[in-house]
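Visitor: Once you've had a glance at the structure underneath, I'll fire off some questions.
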There are 2 protein chains.
Amino acid sequence: MSKGEATRQAILARAFEVATIEGLQGLSIGRLAEELGLSKSGLFRHFGSKEALQVAVIEEAGRLFVQDTLLPALRAARGEPRVRALFHRWIEWGNRPGGCFFIAAVAELDDRTGPARDALVRAQNAWIDEIALAVRIAKDEGHFRDDLDPHQFAFELYSLMLGSHLYGRFLRDPAVATRTRRAFDSLIGSARAPDRKRA
Amino acid sequence: MSKGEATRQAILARAFEVATIEGLQGLSIGRLAEELGLSKSGLFRHFGSKEALQVAVIEEAGRLFVQDTLLPALRAARGEPRVRALFHRWIEWGNRPGGCFFIAAVAELDDRTGPARDALVRAQNAWIDEIALAVRIAKDEGHFRDDLDPHQFAFELYSLMLGSHLYGRFLRDPAVATRTRRAFDSLIGSARAPDRKRA
């Protein structure tokens, strides 16, 4: 990694932390420069604008998510075990301090237009496609039923993640882990191939 | 309504609109005063502080939600029809310009502490209790199975609302209505009493 790349990476790591806690709107090139002991013009050289910085932070969040959530889950066996691993890693991601970066960013950007929103939509759709792919593999393995719609499953799984995040982080429901597990088991149960209903 | 109450109500109506589009952080007493042609000191007399204004706006949102979502749904017949009506009115609420006030407010306040967060938790829990009550009634009516946990159902219904809101408003998935209906029918199907499985 060149010195320039290392600096860029250090800026992004700090910017991701700030954005996770305070939102993308809380990112300021001036403040980041001060915290990292860099010049404002140096930060502008790396990112050009506040919006370009937001796009870079969203892409950095996507990279971290792949590294911490997707890749470890892909080590699980193909089929239902991998679908379970994806969900469990995803819930862990949402339990980090500040909660799920993506859920917070969606709430900030949903009424806006522009490259930051577009980058966030791309990141979300890439993840949804990964879930759907894992579901297709589970069908190929004979774990899930042939007529299961992978994108319908992904939608219901995503819904469950959002509910779990709300009940855990916001409502602080002590039963959130139990509720999430019961709903997940029910979703998995309805997806299973007939000969695996009792698996 | 006294003149003071009418003024307070006008302030709240405008504050709710602003908060729905720009978030609770976007509420400023100075800006509201300017837009409504009132003095800043007049607004302070009504609300005392920015935080008191936020609490009042959250309570106003709760009042509007009851008026537009809960009360019309309660006109549906007790049991499954009422649970369906609650969900459909809720989805309509989330389709208003600016989306669901509560989902946006949760993302803003989840890392904070204080009376605004507390008011939002109260509003959310009051709604969850209404769903659970409608589910208990559906059990009493024999529509839903005896061993159904009303708060588990409410959690899964809330999850589905959140997923629908994300796919509709943020991802703009053209299939969102179909996906939501399929997931909702599946949830209702799993809740039904055995002798009503084909209802």
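Computed from the coordinates by the stated procedures, all read-outs in this text should not be read as laboratory data. These figures come from a predicted structure and were not determined experimentally. FYI the Cβ positions are ideal-geometry reconstructions off the backbone, even for glycines, and counts take in every protein chain you see.
Visitor: Quick query: amide H of B:PHE144 versus all other amide H atoms, modeled in the peptide plane; which residues come in under 5 Å with a sequence gap of 5 or more or a different chain?
Guide: Residues meeting the criterion, in which the H sits 1.01 Å from N, are B:LYS139, B:ALA193.
Visitor: What ratio of Cα Rg to 2.2 N^0.38 Å holds for segment A:64-174? Please report the intermediate quantities before stating the final value.
Guide: Numbers: Rg = 14.7 Å, N = 111, 2.2 N^0.38 = 13.2 Å.
Compactness ratio reported: 1.11.
Visitor: Now a separate question. Average the reciprocal distances over every distinct pair of alpha-carbons in the protein assembly as shown, invert the result, and give the Kirkwood radius in Å.
Guide: Numbers: mean 1/r = 0.0438 Å⁻¹.
Here the Kirkwood hydrodynamic radius works out to 22.8 Å.
Visitor: For segment B:50-196, with the dipole built from +1 on Lys and Arg beta-carbon atoms and -1 on Asp and Glu ones, taken about the Cα centre, which of B:ILE131, B:PHE101, B:VAL176 lies farthest toward the positive end?
Guide: Positive-end residue among those listed: B:VAL176.
Visitor: Ok, one more. From the phi angles alone, apply the Karplus equation (6.51, -1.76, 1.60; θ = phi - 60°) to segment A:114-120 and give each ³J(HN,Hα) in whole Hz, x where the residue is Gly or Pro.
Guide: x, x, 5, 4, 4, 5, 5
Visitor: Quick one: what are the phi-derived ³J(HN,Hα) couplings along segment B:30-39, Karplus 6.51/-1.76/1.60 with θ = phi - 60°, whole Hz, x for glycine and proline?
Guide: Karplus-based 3J(HN,Hα) across segment B:30-39 equals x, 5, 4, 4, 4, 4, 9, x, 10, 7 Hz.
Visitor: What does the charge dipole of the protein assembly as shown about its Cα centre add up to, to the nearest 20 debye, if the Cβ of each Lys and Arg holds +1 and the Cβ of each Asp and Glu holds -1?
Guide: Roughly 380 debye, rounded to the nearest 20.
Visitor: Over chain A, what is the relative contact order in whole percent, taking alpha-carbon pairs under 8 Å and six or more residues apart?
Guide: It rounds to 19 percent for chain A.
Visitor: Still on this structure, please answer the following. Evaluate the Kirkwood expression for the hydrodynamic radius of segment A:48-121, namely the inverse of the mean inverse distance over all pairs of different C-alpha atoms, and round to one decimal in Å.
Guide: 13.5
Visitor: If you don't mind, there's one more thing I want to ask. Give me A:GLU34, B:GLU108 sorted ascending by neighbouring Cβ count inside 10 Å, so fewest comes first.
Guide: Starting with the residue having the fewest Cβ neighbours, the order is A:GLU34, B:GLU108.
Visitor: Which of the lysines could a cross-linker span from A:LYS40 if the Cα-Cα distance has to be under 28 Å and same-chain partners fewer than 8 positions apart are dropped?
Guide: A:LYS3, A:LYS50
Visitor: Report the Cα centroid-to-centroid distance between segment A:161-199 and segment B:167-195 in angstrom, as an integer.
Guide: Between the Cα centre of segment A:161-199 and that of segment B:167-195, the gap is 16 Å.
Visitor: With +1 on each Lys and Arg Cβ and -1 on each Asp and Glu Cβ, and nothing else charged, work out how big the dipole of segment A:1-159 is about its Cα centre, in Debye to the nearest 20.
Guide: 560
Visitor: Roughly what would the spin-label model give for B:ALA77 and A:GLU92, points 7 Å off Cα along C-beta, in nm?
Guide: Distance between the two pseudo-spin positions: 5.0 nm.
Visitor: Also, I was wondering about something else. Pick from A:PHE44, A:PHE153, A:PHE170: which residue has the top mean-square fluctuation in a GNM of chain A where Cα pairs under 10 Å get a spring?
Guide: A:PHE170
Visitor: With N residues in segment B:136-199, what two-decimal value do you get for its Cα radius of gyration over 2.2 N^0.38 Å?
Guide: That ratio works out to 1.27.
Visitor: Oh, and also: Using alpha carbon centroids, what distance separates segment B:98-157 and segment A:111-148, in Å?
Guide: The distance from the Cα centre of segment B:98-157 to that of segment A:111-148 comes to 27 Å.
Visitor: Taking the Cβ-Cβ separation of B:ILE21 and A:LYS197 as r and a Förster radius of 41 Å, what is the calculated FRET efficiency to the nearest 0.05? Show your work: numbers first, answer last.
Guide: Numbers: r = 48 Å, r/R0 = 1.16.
After rounding to 0.05, the efficiency reads 0.30.
Visitor: Let me ask you something else. Cα atoms only: what Rg and Dmax, in Å, come out for segment A:6-82?
Guide: For segment A:6-82, the Cα radius of gyration and maximum Cα-Cα distance read 15.4, 50 Å.
Visitor: Next question. Just to compare against my own numbers: the Cα pair-distance distribution for chain A, 5 Å bins, whole % per bin, please.
Guide: Values per bin, smallest distances first: 1, 7, 14, 17, 16, 14, 11, 8, 5, 3, 2, 1, 0.
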